[in-house]
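A short write-up of the structure that comes next.
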C-alpha cells in the first residue's frame, strides 16, 4: 500500500477514517461509524422532527 502512495492508519476497531472519497474501517464493529462517514461524503443530511407529547 505504501508503494502506491497510501499511509497506514492504526485506528481502533470501532472507528472509521475518511480520506477524500475513500472511507475505510478495520472491521465490522466500525459499521455505524463507517456509514456515518459515507453519508457525510455523499452530503446526506439526516433529520427528525420532535414528536409532540400525546396525552
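Readers should treat all values here as calculations from the given coordinates under stated rules, not as data from a laboratory. Since the model is a prediction, treat every value here as computed from it, not as a measurement. Neighbour counts are summed over all protein chains in view; Cβ atoms, including those assigned to glycine, are modelled from backbone coordinates with ideal geometry.
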* **Distance in nm between pseudo-label sites at residue 11 and residue 24 (7 Å out along the Cβ direction from Cα)** => 1.0 nm
* Based on the Kirkwood radius over alpha-carbon pairs, what is the Stokes-Einstein translational diffusion coefficient of the chain at 20 °C with 1.002 mPa s viscosity, in µm²/s? -> 160 µm²/s
* To the nearest 500 deg cm²/dmol, what mean residue ellipticity at 222 nm is calculated for the chain from DSSP H runs of n ≥ 4 alone, each contributing -39,500 (n - 2.57), summed and divided by the residues? -> -7000 deg cm²/dmol
* **Nearest-ten-degree value, helix 31-42 long axis tilted from longest Cα axis of the chain** => 90 degrees
* To do: Quote to one decimal, in nm, the extra length available between residue 46 and residue 1 on full extension: 0.36 nm per residue of separation minus the C-alpha distance between them.
  => 12.8 nm
